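This report concerns only the one structure given below.
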Amino acid sequence: MAHLGLRRFPPPLMVLLLFLAAAAGKGEDGGGSGGLRFRREGGTFKVLQVADMHFGDGRSAPCEDVLPAQQRGCSDLNTTAFLYRVFRAEDPDLVIFTGDNIYGADSSDAAKSMDAAIAPAIAMKLPWAAVLGNHDQEGTLSRESVMCHLVGMKNSLSGLNPEGVKIDGYGNYNVEVGGVEGTLLANKSVLNLYFLDSGDYSTVWWIPGYGWIKASQQAWFRQTSSDIQKKYTTEEPTQKEPAPGLVYFHIPVPEFGSFTASSFTGVKQEGISSPSINSGFFTTMVEAGDVKAAFIGHDHINDFCGKLSGIQLCYGGGFGYHAYGKAGWSRRARVVSVQLEKAESGEWRGVKSIKTWKRLDDQHLTTIDSEVLWNRGSNGKGLSPVHVHDAVSGIHNCINTV
């Protein structure tokens, strides 16, 4: 564990100034609800994961597990300030909120709390997507209504569920990221992002503990992955290998408990709070063949990545201040940077590598634990543009649910 210096938090006025600066800092074309693709300059696509904000009612929601010198005046507004800091530092192409975005029990109005929690991404015109955790629905909105609210928010790429598919949970969808505009792979999905609802708590009375990813969700994931891979490898311009996929959900699958301290990067400071049964989703990801990494939240003071059967299993690390943490251990965000391969002609092709690091909410926004999650090496092929078809159907399916 890195030894971190004490950071005194900004006063509320500073948070307001950060908000106003952010709103003015992005051009009108800085975000949007679709059209995700890799950048021409550098051939990169950057994702910033925000895990477990636990946003409550703003200023009245106090911080948990901070040092005594940091406690006075500390609230949800410190979470907001951290969002602005890390967004400005990293300038991500997509922000992904991986559940427990609000702490429903401490929000007097769940919709307003969610609006406040996501506000920095919207103010900075950043595309974003979200899944639910086990606390989002514990306030004034049902689980379905919370997800519908997320789907309908500005710049959201979130989807409720695939249209015409009987499926468990809310927030099962995929997003495709296109190659660089004007290149051979501009109209193919060169990076695939899968989002699933890992549930909240077991609905089977004789099985205790947390929820899990159900068979219906796995069937949808399996079919979606297969369809995407077939399209990528058989439609012109055909590619020899599938485009890589990344998976985002909230509650860890039991396989997150497979690692020892010598076999991961980061820290494990609490138990793996997975479901009490194994529904087989990790095996489903392995069998799909395109998944390179899965990212979760839930256990706030774990932030490690470990590789198992070819898939990197990664915690985001706790982000929010109105959530349990560890005093003196900085809140953090995980960044994933995907790099395209450049052909001899100078044209950007498919994905070459996937890297990650974490940003700490300390005085210097310290970067730690940089590592390569996956590297295609010299055999890199590409992927395609972003089509958020399920997000569109999600909006349709949310009518009259709130």
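Computed from the coordinates by the stated procedures, all read-outs in this text should not be read as laboratory data. Being a predicted model, the structure only gives us computed values, none of them experimental. Quick reminder, even Gly has a Cβ in these numbers, built from the backbone with ideal geometry, and neighbours come from all protein chains shown.
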- Item | Relative contact order computed over the range 149-299 (Cα-Cα under 8 Å; 6+ residues apart), in percent | 21 percent
- Report the one residue of Leu132, Ser279, Asn375 whose Cα lies farthest in the direction of the positive end of the charge dipole of the chain (charges on C-beta: Lys and Arg +1, Asp and Glu -1; origin at the Cα centre). Asn375
- With DSSP loop assignment and no more than 13 other C-beta atoms within 10 Å, the GluC sites (Glu not before Pro) in the range 301-359 are Glu344
- Item | Selection from Met153, Ser225, Trp205 lying farthest towards where the dipole of the range 141-250 points positive, charges on Cβ | Trp205
- With runs of 4+ DSSP H residues as the only contributors, calculate the mean residue ellipticity of the chain at 222 nm using -39,500 (n - 2.57) per run, divided by the residue total and rounded to the nearest 500. -7000 deg cm²/dmol
- Message: Let me spell out the model: positive unit charges on the Cβ of Lys and Arg, negative unit charges on the Cβ of Asp and Glu, origin at the Cα centre of the range 238-318. What dipole size does that give, in debye rounded to 20?
- Response: 140 debye
- Do any GluC sites (Glu not before Pro) in the range 193-300 lie in a loop, going by DSSP, with at most 15 other beta-carbon atoms within 10 Å of their beta carbon, and if so which? Glu235, Glu270
- Distance violations [Cα-Cα > 30 Å] among Lys188/Lys355; Lys240/Lys355; Lys125/Lys268; Lys112/Lys188; Lys214/Lys326; Lys214/Lys240: Lys125/Lys268; Lys112/Lys188; Lys214/Lys326; Lys214/Lys240
- Measure out, as a whole number of angstrom, how far apart the alpha-carbon centroids of the range 48-123 and the range 166-235 sit. 26 Å
- Relative contact order computed over the range 116-178 (Cα-Cα under 8 Å; 6+ residues apart), in percent: 30 percent
- With charges set only on the Cβ (+1 for Lys and Arg, -1 for Asp and Glu), what does the dipole of the range 37-88 come to about its Cα centre, in debye to the nearest 20? 520 debye
- Dipole in debye (nearest 20) - the chain, about Cα centre, beta carbon charges: Lys, Arg +1; Asp, Glu -1: 880 debye
- Query: Relative contact order for the chain: what is it in percent, counting Cα pairs under 8 Å that are at least 6 residues apart?
  - Reply: 22 percent
- Positive dipole terminus of the range 313-375, leading residue within Thr356, Phe319, Val335 (C-beta point charges): Phe319
